[in-house]
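Just below is one structure, and these are the notes that go with it.
The values are calculated or read from the model by the stated rules, or taken from the named source; none is laboratory data. Being a predicted model, the structure only gives us computed values, none of them experimental. Reconstructed Cβ throughout: ideal geometry from the backbone, glycine too, with neighbour counts over all protein chains shown. Only protein heavy atoms, including side chains, enter the accessible area calculation; ligands, DNA and RNA are left aside. Shrake-Rupley method; radii C 1.70, N 1.55, O 1.52, S 1.80 Å.
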Amino acid sequence: MKNWFSNRIDKISKIDSYNRPERIKDTIKLDSNENLALDKKFIAEIALQVAKYVDLREYPLEQFEELYRELSTYTDINKKYLAIGNGSDQIIELILSTIGKGRRATIFSPTFSYFINRCELHEVTVDKVPLNKEDNTLHKIQFLQSAKQSNIAYICSPNNPTGNQFDKQSILEIIDSLDDKLILVDEAYVEFADYSLASVASKYDNVIVLRTLSKAFGLAGARVGYFIANERFAQIFRSSIQSPYPLNTLSLTIASIVLSQSNYVRKTIEMVKNERKRVLDQLAKINGIKAHKSNANFIFLESYEKYEAILKSLKKERLIIKTFGDIDGRKGCIRATIGTKEMNDKFLKSIEEAV
C-alpha cells in the first residue's frame, strides 16, 4: 500500500514538464527570446569587473539595497512597491505555492506554458479562454466571465508565444472589474512594447506586475526578476514569502550595474524594434505563411503546410527556433527571436528558400 508521499509523487510525475531547450553546438540560438542583439562584451566586461571585487565568502547584504535603488530609478517607482526574485519564474512559483494552492486561475490560450505547468504542480485549476485566432486579440467578455468564477487572472502582455500586447484600455477595464481577484500581469517583454502598467500597479490592492532582466537587459543567465505591487504585499513578500537570500552576490551586483547603464540597453532595444519591423515587413511579402503582429523581441509565425519544409531549411542553416506545430487552431506555428541583422537575414533567407 502506497503512502501519501508516494501517491503525491505519482501525481506530480503525470504533470507536463517545462523543459529547458537543448544546447546544440555551432548553431544560432533563436528559440528562447534572449537579447542576442545586446553586445556580449558589454555584459562580460561588467561580470569580470564584479568578479574582481565582490567577496563571495560573505552573504549578500547591501547588494540587495543597491539593486532596489537601481530598480526604483529605472522604473521611476518607489522601492517600497518593489520586490525581487530569482527570475520572475521564481516569483510566480512563490505566489502560486503560498496563495494559489487549491484555487482557480483564468488564463487565455495560448500563453506562457510555465505558468500553466506551475498551476498544475500547485493544484491550481486552470480555465483557458481562447484568443482570437485571426489576430490573437483577447475576448474580454469571455475572459471576464471566466475570471469572475476564479481566484486568479493571469495576463501575459506582451503575450508569449503570440508576441502581441493587448489593448491597454481593455486590460484596465478587466482589472477594474475584478477587484476581488488576484491579477498577475506578466510584462517580461514590456521594454519592446508600447506601454506598461507598472505605474498603476501600486494603486490596486490586487494587482502584481511581473518584470524581468532576462530579456531586454540580456541577463537571462543571472536570473533576476522583480515585481511592482501595493506596498503591503511587496513588504510581506520581501519579509515573509521570499527567502532571505534569493539572489547571489554576483547576480545582484551585475544587475545593478547594467541597470545603471540602461541608456545603452535602450539603444539596443530600439535596434531590436527596428529589426522586428523589417523582419515582419519582409515576411508579409511571402505567400503561404502568416507572421503575426509582435510587440516583443520575437515573432510568431504560422507556416501551414510549409511547416516541415521551413523546419528543414532552418536546420540546414543551423538556426534553432521554438517549434509548436498546431496550437489552438493555428497551423504550423514557430517562434523566432529577433537577433542581430545578420541572424535575422539568415532566418529570412531560410524561410524564403523553404516556401
- Item | Three-way shape label, the range 146-223, alpha-carbon gyration tensor, a/c 1.5 | prolate
- Output ordering of 344-353, 290-299, 235-244 (per-residue mean of other Cβ within 10 Å, highest first) is 290-299, 344-353, 235-244
- Item | Debye equation applied to the C-alpha atoms of the chain, log10 I(q)/I(0) at 0.06, 0.11, 0.12 Å⁻¹ | -0.23, -0.79, -0.94
- Task: Please turn the phi angles of the range 122-130 into ³J(HN,Hα) values with the Karplus equation 6.51 cos²θ - 1.76 cosθ + 1.60 (θ = phi - 60°), one per residue in order, whole Hz, x for glycine and proline.
- Result: 9, 6, 9, 5, 10, 10, 9, 10, x
- Query: Just the Cα atoms of the range 276-338: what Rg and Dmax do they give in Å?
  - Reply: 11.0, 29
- How much of the accessible area of the chain, in percent, comes from carbon and sulfur atoms when a 1.4 Å probe is used? 49 percent
- Task: Sort 45-57, 179-191, 150-162 for me by packing, meaning the mean count of neighbouring Cβ atoms within 10 Å per residue, highest on top.
- Result: 150-162, 179-191, 45-57
- Note on the structure: Set LYS11/LYS215; LYS215/LYS306; LYS101/LYS148; LYS29/LYS140; LYS168/LYS203; LYS140/LYS293, cut-off 26 Å on Cα-Cα distance; pairs above it are LYS11/LYS215; LYS215/LYS306; LYS29/LYS140
